[in-house]
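Please read the structure below before turning to the comments.
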Amino acid sequence: MCATAEGDSYEKSIYGGTKRSTKNLLSFVMSVSAHSLAMTFSVAMSPVTRLQQARLLAGGKRVMRVERARQNAMVAEEPGARYCDDGSTIPDTQASSENIIERPKETESIAESPKETSTNRPSDSARPFERTGNEVPATKAPEDGETSIGTIGASFLLKSIQKSTNLFKKPLGEPPVDAEPWCTASFDTYWEQVHDHWPLLHQPTLSLESDPLAVTASVVIIGCWFKGPGNASDLIVNTHERLVDKFLEELCRPGAGLDEDRPWRIEVYQAVLLNIIFAFYSGKKQLIARAGVLFSLLIVTLRHMGMFSSDRAEYQERTHFPATFLPFVLSNRERRVRLVFFMLKIDAYLFLVNGQPPHLQPEELDVSLLSTFALWNAHPLDEFYKRLPQEPLGRPDKRLSHLVRGPDLLATSELLIEDVQIGFCSMASALWRFTLTRRSSEATGTESKALLAQQLDNWGYQLDRISALCKAQEARTSSVELPLRAYFGLETEICPPILTRVRWLIHETRMLQNAMSLYSYADMHALGRFVRRQTDTNTDLPISHANGEQDAGILQWARSLDSRKAVLISLTVLKAGERLKAQNDRRSRPVAPLVNAALENSAVVLWAWAAAAATEGSCSCPDMSNRTTDDTNTSGGSEWTLNWHGLVGDAPPLCACMAEEWIKRFAAVRSS
């Protein structure tokens with residue numbers, strides 16, 4: 001029988017028998033063939049669902065989208081699904097963003113004009129770039145006709161949002177004939193360049209024509225930004241700002257998120273997260289600041305709703321989404337899991353870039369682990385049923401809150417690169433607490449530092465192992481196994497796009513590891529303030545006069561073993577970025593925000609170390625021409641780490657007088 005909102009009825013399984021637990025779902029499915037599954041589900045389905053399944057089996061492209069639309073229509077009829085407490089919808093008041101957060105009047109440039117400095121510290125013209133995000137360069141210069149079409153399309157998008165009375169439910173509508181190719185191209189660019197990094201949305205079912213305007217407009221503006229906005233850049237930014245205004249208005253509405261019985265509007269929260277991601281990639285400080293406020297409101301709202309609780313998720317599923325079509329059921333569950341996962345990832349990025357304490361506590365995230373990228377993107381239906389039995393068996397009954405304790409929760413054969421990312425991101429809270437502890441108690445700080453270093457090394461070891469397995473499987477043309485098999489998208493056999501996807505994911509995770517490791521060897525907040533004081537035109541006095549106590553601590557750090565380890569990590573990040581640049585991989589894939597965070601923090605470490613070392617007196621550059629750096633191991637103790645020597649790779653010595661050249665190399669990698 002079909003599951004209903006009544007508790008007793010729901011005890012009957014969607015398979016027609018007794019209720020099965022979620023953790024046994026995959027093992028049960030694996031015991032039957034795709035054909036028998038289809039027959040089993042057709043018994044419990046409504047006539048509409050059986051018709052949809054027949055179409056899917058016959059080759060219909062997006063039948064799951066129809067099922068989701070039917071479920072949304074059912075939810076819309078429920079009084080609890082309304083926006084206002086009185087059951088009415090919220091009209092589009094078109095309130096300006098100044099009523100919530102002041103909209104930036106002009107865009108600040110990331111680069112600042114150089115300032116004069118004293119001769120004892122690195123030149124200001126090569127100082128670390130401001131930590132603002134990633135200004136995504138256009139992959140190609142738009143043609144004149146393409147630019148005009150983009151302007152028409154962006155104008156249509158902005159007007160649609162301004163006029164929409166309910167952009168959280170109504171679709172985009174039919175664009176002008178001239179703008180339709182632009183909308184489609186931007187939509188496709190999102191899937192080609194963004195989805196591999198942020199697989200938040202369900203590609204097989206998302207439709208530009210029928211999904212809510214808030215989601216499709218967010219996808220289009222991100223895709224356009226990656227493709228190269230041309231003259232439509234300002235319109236794209238205005239569209240993003242208008243969407244953020246709408247989201248802030250919705251999340252600030254009295255009672256938002258307090259009614260736990262209302263159905264969750266996952267599409268709304270996905271759209272919010274997409275615009276936060278867009279702000280990071282834009283590289284504009286004002287947009288990132290507003291995105292930070294929006295992210296804080298989103299966390300508070302979802303926490304009140306119980307989004308982080310598996311019990312509340314089960315209640316929502318049986319009360320508001322009692323579907324029995326397996327692909328639809330699993331995709332609905334996965335949307336919530338991926339929403340929480342990418343919130344944790346963004347929280348870690350905000351910590352790395354802005355130094356603010358993390359909002360999320362990993363222990364509160366009572367959600368299951370991600371399914372594989374392959375299952376999330378399986379299409380058509382027969383491919384879904386082929387991939388489902390290949391899912392790692394031990395993952396469905398594990399929780400994200402348990403995984404943060406260490407990689408030992410899962411068998412090594414079941415660990416994915418995304419799990420390693422969870423491990424690193426979940427350490428943001430511990431690193432923040434360690435930073436505060438280190439300032440007040442050196443003894444406690446030493447003990448915590450060893451524990452943090454061990455945790456980072458454990459996750460780093462797992463990343464090395466997964467990377468080696470993927471590399472060993474690249475030459476195979478058949479019988480591809482985990483972990484490489486987990487990263488098939490719409491592809492059905494091994495091909496270059498899969499290998500590129502895996503390499504980029506490993507590269508991003510490696511940079512995340514390095515960015516987190518810097519916090520265990522350096523007080524990044526103090527170093528950032530130190531660098532700002534050094535580059536201030538009003539700071540021509542000796543360093544000790546600017547802020548004696550903090551500067552004394554920086555000078556002491558510059559002479560310590562920790563500073564040398566931090567500098568080695570910085571060089572590791574730089575050389576990895578230069579290697580990627582030399583491979584020309586970045587022309588089609590802009591750098592992820594987490595990668596930029598690692599580059600920026602590394603530049604700050606190197607600049608601060610050089611500036612502090614310069615105060616010790618004149619720089620003597622030893623002849624180190626026969627020495628090389630080991631850019632694969634930053635946890636050990638090289639001779640330079642254990643002693644006070646210069647360091648030479650394929651560039652000038654690493655010393656105070658040559659710091660300017662090193663900073664220029666960081667800037668070149670970031671701007672490419």
Taking R0 as 51 Å and r as the Cβ-Cβ distance between residue 166 and residue 556, the FRET efficiency 1/(1 + (r/R0)^6), rounded to the nearest 0.05, comes to 0.30
Going through 285/664; 398/575; 386/471 one by one, the pairs whose alpha carbons sit over 27 Å apart turn out to be 398/575
Rounded to the nearest whole number, the Stokes-Einstein translational diffusion coefficient of segment 264-364 at 37 °C and 0.692 mPa s (Kirkwood radius, C-alpha pairs) in µm²/s is 225
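Beta carbons within 10 angstrom, averaged per residue: use that to sort the peptides 370-377, 170-177, highest first.
Highest-to-lowest ranking by the protection proxy: 370-377, 170-177.
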Ordering 362-369, 341-348, 309-316 by per-residue average of other C-beta atoms within 10 angstrom, highest first, gives 341-348, 362-369, 309-316
Violations at 20 Å Cα threshold for listed pairs 170/284; 159/246; 169/246; 163/246; 170/246 -> 170/284
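Which ordering of 295, 351 is given by a fewest-first count of other beta-carbon atoms within 10 Å?
Fewest-to-most ranking of 295, 351: 295, 351.
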Mean projected area (nm²) from the convex hull of Cα positions in segment 398-521 is 8.0
Counted neighbours (other Cβ, 10 Å), sorted fewest up, put 474, 549, 267 in the order 549, 474, 267
Fewest to most Cβ atoms within 10 Å: 413, 479, 186 sort as 479, 413, 186
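Quick note: the coordinates plus some simple rules give every number you see, no bench work behind them. Everything numeric here is computed off the predicted structure, so don't read it as measured data. Heads up, the Cβs are rebuilt from the backbone with ideal geometry, glycines too, and the neighbour counts pull from every protein chain shown.
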